[in-house]
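Below is one structure, written out as structure tokens; comments come after it.
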Amino acid sequence: MDVCRFRNVNREIRPGLLTDDRRHVRDLGAAGLDRLDVLLEADDPQGELKRLAARDLPRVAIEAVELCTPIDRQEIWAAGVTYQRSKVARMDESDFSATAYDRVYDAERPEIFFKCLAEKAIPPGQPVGIRRDATWNVPEPELTLVLNSRGRLVGCTIGNDMSSRDIEGENLLYLPQAKIYDRSCAVGPWIALGAAEADARGWTIRLEVRRGGAVVFAGETSASQIKRTFDNLAEHLFRCQVFPHGAMLLTGTGLIPPDSFTLHAGDLVNIHISGIGTLSNPVVVV
């Protein structure tokens with residue numbers, strides 16, 4: 001079951017339920033649900049959703065709505081160096097501190113860092129940004145865990161952890177500037193509610209970048225290649241932390257374009273995860 005947030009004809013943001021064919025959105029607001037995070041905090045989100053869906057809810061074609069990020073008040077965090085490919089790429093980009101990535105890949109404690117607040121996340125179709133003071137900018141397609149305030153996995157979505165590799169490679173202390181800036185995180189298009197780790201590890205993750213209508217980069221990996229378990233990542237995120245409205249955790253990337261590649265303004269980034277759908281965003285300079 002896929003749930004989303006959308007803007008209706010009156011410009012109101014409403015929680016929605018996609019039909020099985022993903023061609024229509026049913027308005028959960030008509031059933032009295034004000035926010036999506038309220039559903040995610042339920043003891044049995046899927047059971048509660050079925051109860052709401054049993055009503056005669058208004059529906060609208062997916063093409064006729066503006067999809068918003070499937071986030072209300074959750075913080076967005078990210079894990080790094082969770083794929084072998086990511087470890088190698090980050091070691092290659094950094095002469096200054098390459099061994100740090102090697103050590104964290106095999107360490108008990110994962111790399112986890114803050115990415116953005118809910119209100120700064122970019123929805124489907126809206127532009128993601130590349131820094132004007134960077135020369136090597138890449139998208140990072142990532143399976144994203146949706147966690148409630150108790151650290152329980154309640155679903156999955158798609159995240160794009162935009163990164164400036166030249167800034168990060170210059171010095172590890174520049175990581176926040178390389179990762180956290182205006183339009184540096186896109187999330188959506190919806191949440192696959194109830195998706196468990198066993199389901200997600202069978203999904204394929206595909207990245208495609210188009211420039212002037214032509215594909216300039218394409219690659220594919222599997223979520224099965226994530227080294228750490230979802231429970232392990234969630235436990236470390238919630239260790240000594242409180243998330244009263246829940247959190248989203250990007251789980252790292254296994255798709256890294258070659259060193260010669262950098263994003264340009266006007267590019268279109270498409271991230272497809274087989275069990276969820278496709279997150280598409282154009283690129284602008286910020």
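Things to note:
- Residue within the stretch 44-55 that is over 26 Å from Ala196 (Cα atoms) and touching a Pro at 6+ places or on another chain (Cβ under 8 Å) present: no
Yes/no matrix, rows are residues, columns are (1) surrounded by 24 or more Cβ atoms within 10 Å (Cβ to Cβ); (2) at pLDDT 95 or above:
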site	(1), (2)
Leu143	yes, yes
Arg150	no, yes
Leu153	no, yes
Thr157	yes, yes
Leu173	no, no
Arg183	no, yes
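- With respect to the conditions (1) assigned to a strand (DSSP E or B); (2) crowded, with 21+ Cβ neighbours inside 10 Å; (3) not basic (Lys, Arg), Ile167 falls short on a single one, namely (1).
- Count of the stretch 216-269 residues which are touching a strand residue (DSSP E or B) at 6+ places or on another chain (Cβ under 7 Å), of a type in the set (A, V, I, L, M, F, W, C) and farther than 17 Å from Asn137 by Cα: 10
- Positions within the stretch 255-286 being surrounded by 14 or more Cβ atoms within 10 Å (Cβ to Cβ) and at pLDDT below 95, in sequence order: Leu255, Ile256, Pro257
- Checking Asp72, Asp95, Asp133 one by one, the residue that is modelled with pLDDT under 95 and part of a loop (DSSP other than H, G, I, E, B) is Asp95 and no other.
The values are calculated or read from the model by the stated rules, or taken from the named source; none is laboratory data. Given the structure is predicted, the values throughout are model-derived calculations rather than measurements. A quick note on method: Cβ atoms are made from the backbone with ideal geometry, for glycine too, and the neighbour counts reach across all protein chains shown.
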